[in-house]
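Notes to accompany the following structure.
Where a number appears in this text, it was derived from the coordinates with a stated rule and is not lab data. Note that the structure is predicted; figures quoted are calculated from it, not measured. Quick reminder, even Gly has a Cβ in these numbers, built from the backbone with ideal geometry, and neighbours come from all protein chains shown.
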Amino acid sequence: MQALLRLVAGLCLISILAACAYTPSIAVISPTNQEISPTPTTTGSTLSQTIPRAFLPLIIGPPPPSPIGWYQLAGNPQRTSYTPVIVQGPYRFRWIWNGPAGGGDAGPASDHLTLPKGVQPVIGNGLVFVGHSDGIVRALRTSNGTLAWSRSVGGQVLGTVAYHPGLRRVFVGSTNGRIYSLNATDGTIIGSYDVGGPIEMSPLLVDDVVYVGSITNNNQDCANYRATSGQFVALNAADLTLRWQYNPGAGILASPAYTAANGGMVIIAAEDKTVRALRASNGSLVWSRTVNAGRDPRRKCVAFPDTYPAISEVNGVAMIRSYFMWDLTWAPPISQTDTLAEIRQFLTQNPTYQSFFVLDLANGQPRYVAPVLGGGIGNGGDYYSTPPQAVIRRLSDGSEVAYVTWRNSQSCLSPSNCDNREEGAVGEMNISNGDIRFIDVDKNGWQWRIPVDELGSMTMASDALFYSHWMGMAAVKITDRSPSRGSSVSNPILTSKLIAVSNTIRPGTCDQRDSTQHYCPTSHFANDDSYQLGPGFYIYYASQNVYDRFFTPPVFGPAIDENGVVYWKSVDGAIIALEPQSATVP
């Protein structure tokens, strides 16, 4: 028995050391379609890969619902956008791909790619995988950002790919109607399956099954919108043979999520404004629930663009967001959004303003009316996409909470500088009852620069909360979330600054910058913009705001691998990799 305990302790130490290791390097890479031979790389080990599965309950109790790694959209099958990896700053620059011409201080290269908004980096096999609307999947080396391989699958790749660590395959859907299986080492196409219509969602990977859906015959007339058609299929990951298919009578754009509840279910959101639970084993319908949803006039009048259900297994709920119409933002007046009770009362009495739903996994019934008013990033009378989805975090005691962007007039900088967009805030939600606590993000402060007048997307690594915006990315680390905190904006959950990234900084500012590290140690400005940005990393040093020149909304937050390295896709399509001082697998 003592020998067994010594073996387990040794394996634990190996796992922690592997999670903390990193290899710093600096490079700025431009994209290319040229296929080159892959270079062997070393990936960090996850806890479940390092320690025999039989020992896991002995060491850490019940295993987490998902492996530690960012293998698909939102990180895992439950789409929680959360990893338990504990990161410690300060961060250092690793590389930028598809960024400045020639590296260093410059604007974008002539072959710059504007990646689709539904693309989030996926990490596996020592590579970062991204798709593009040119129909090409590219694999970048995590060590330095150079291109390992590229592969054309045809059509357009508008969603996030999925990586299978056991098979070492990459699964990617295309608007040509086919889902492809690629060899993760060299990009060779192993097989494909015709789903019967354009695929715009991100595939869902659960163990050895791939789930994906399509949308066809979309009616672009919002006033006379009719249900579109589409198929949803479950395929064997090994050979892409069909396990089952389901026809919802409507197209499917939202990416699906998985829950272990009721023996395993797949949650989908269809364009007839219904959320459905399908039995994972055979595709039979478990329940269906119609929710309120607007129609995005910029994108074929769809109801669930660029979104997905987020699953809280502990609380037994699925959280789903629907498109929110711009003209609904201005109600209720800010005088009625000062408390949770006021917001709940308004949404209960005016359900057409709801866009955030918490549905019971057992039957699809709403658990409660969440005090979350709609909002997002947009302009000119329209939001560019669905409001940001919640992040679901597993705490050390086994419970789960959600982190959300929401609106509350307490968060306004001043009574004279407040409207229904300026009241944006970041909060921690008690999933059991929907109550939200304020989080200190130093709103619009130049030191931290988390601008929540337009609500951006988020991801988390343990206590670190990463916030993606069109102008940049910022992160804070929660330092005190004790029960006494968060009841008001003057008594919030406490945080400290962790990281900041600016898309573009104005030439002539930040004379102390380190162009090799892409770091500015002082405050600075963008071009023709009055916002003062705080010290941090930057992508471009240019006379033109690159985020305006190549603009795609930041609908998903950064990806975070098992070593705590952050991969952020900026709104122009560049990907910057930043590594922490250390990272620990809990």
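Given their separation in residues at 0.36 nm each and the Cα-Cα distance between them, residue 368 and residue 490 gain 41.2 nm when the chain is fully extended.
Considering only C-alpha atoms, what is the centroid distance from region 149-203 to region 529-551, in Å? Computed from Cα coordinates, the inter-centre distance equals 33 Å. Over region 511-586, the hull volume per residue, using the convex hull of the C-alpha atoms, is 122 Å³. Taking a sphere under 15 Å around the Cβ of residue 564 and counting the other residues whose Cβ falls inside, with K and R at +1 and D and E at -1, yields a net charge of -1.
Starting with the highest mean, order 498-509, 351-362 by the number of other Cβ atoms within 10 Å, averaged over the residues of each peptide.
On the way: 498-509: 21.7, 351-362: 19.6.
Descending packing order for the listed peptides: 498-509, 351-362.
With a cut-off of 10 Å between beta carbons, the residues surrounding residue 156 carry a summed charge of -2, where Lys and Arg count +1 and Asp and Glu -1.
Can you show me the helix-derived [θ] at 222 nm for the chain, built from DSSP H runs with n ≥ 4 at -39,500 (n - 2.57) apiece and divided by the number of residues, rounded to the nearest 500. Don't jump to the answer; show the numbers that get you there.
Numbers: 5 runs with 42 residues, N = 586.
When only DSSP H runs of four or more count, the value is -2000 deg cm²/dmol.
Stretched out straight at 0.36 nm per residue, the stretch from residue 188 to residue 511 would grow longer than its current Cα-Cα span by 111.6 nm. Straight-line reach from residue 117: taking Cα to Cα under 13 Å and skipping same-chain neighbours fewer than 8 places apart, the aspartates and glutamates in range are 200, 306, 572.
Among the trypsin sites (Lys or Arg not before Pro) in region 84-117, none sits in a DSSP loop with a Cβ that has at most 14 other Cβ atoms within 10 Å. Across region 324-338, coupling constants 3J(HN,Hα) worked out from phi with the 6.51/-1.76/1.60 Karplus curve, θ = phi - 60°, read 10, 6, 4, 5, 7, 4, 8, 10, x, x, 4, 5, 10, 10, 8 Hz, and Gly and Pro carry x. Only lysines eight or more places from residue 273 in sequence, or on another chain, were considered; those with a Cα closer than 18 Å are 300.
Going through [x] 24.9; [y] 28.5; [z] 23.9, the figure that equals Kirkwood radius over Cα pairs in Å as computed for the structure here is [z].
Mind ranking 407-413, 234-240 by how tightly packed they are, going by the mean number of other C-beta atoms within 10 angstrom, highest first?
Ranking, from highest mean packing down: 407-413, 234-240.
Less than 25 Å apart at the alpha-carbon level, and either on another chain or at least 8 residues along: which lysines does that give for residue 477? Within the straight-line cut-off, residue 477 pairs with 443, 497, 569.
Each residue of region 187-196 is assigned a 3J(HN,Hα), and the resulting list reads x, 4, 6, 8, x, 8, 9, 8, 7, x Hz, derived from the Karplus form 6.51 cos²θ - 1.76 cosθ + 1.60 (θ = phi - 60°), x at Gly and Pro. Sorting the segments 202-210, 318-326, 283-291, 257-265 by their mean number of nearby beta carbons within 10 angstrom, highest to lowest, gives 318-326, 202-210, 257-265, 283-291. The phi-based Karplus calculation (6.51 cos²θ - 1.76 cosθ + 1.60; θ = phi - 60°) puts the 3J(HN,Hα) values of region 240-251 at 6, 7, 6, 9, 6, 9, 9, 10, x, x, 7, x Hz, whole numbers, x for Gly and Pro.
Using only alpha carbon pairs under 8 Å that are at least six residues apart, calculate the relative contact order of region 408-484 and give it in whole percent.
On the way: 108 pairs, mean separation 14.5, N = 77.
19 percent.
With contacts taken as Cα pairs under 8 Å and at least 6 residues apart, the chain reaches a relative contact order of 15 percent.
Simple spin-label estimate for residue 92 and residue 152 gives 4.0 nm between the two label positions (7 Å along the Cα-to-Cβ direction from each Cα).
Quick check: from the Cα gyration tensor, does region 73-204 come out rounded (a/c under 1.5), prolate or oblate? Each step should come with its number before you reach the end.
On the way: a/c = 1.76, a/b = 1.28, b/c = 1.37.
Note, shape of region 73-204 comes out oblate.
Neighbours of residue 176, meaning other residues whose beta-carbon lies under 12 angstrom from its beta-carbon, give a summed charge of -1 when Lys and Arg score +1 and Asp and Glu score -1. When the Cα atoms of region 385-457 are aligned to their principal axes, the ranges along those axes come out at 42, 25, 24 Å in descending order.
Going by a ≥ b ≥ c, the root eigenvalues of the Cα gyration tensor, does region 255-307 fall in the rounded group (a/c under 1.5), the prolate group (a/b larger than b/c) or the oblate group? In terms of gyration-tensor shape, prolate. The alpha carbon centroids of region 109-147 and region 305-376 are separated by 34 Å. Using amide H atoms built 1.01 Å from N in the peptide plane, name the residues 5+ places from residue 378, or on other chains, whose amide H lies under 5 Å from its own. For residue 378, whose amide H was placed from the backbone, the distant partners under 5 Å are 384.
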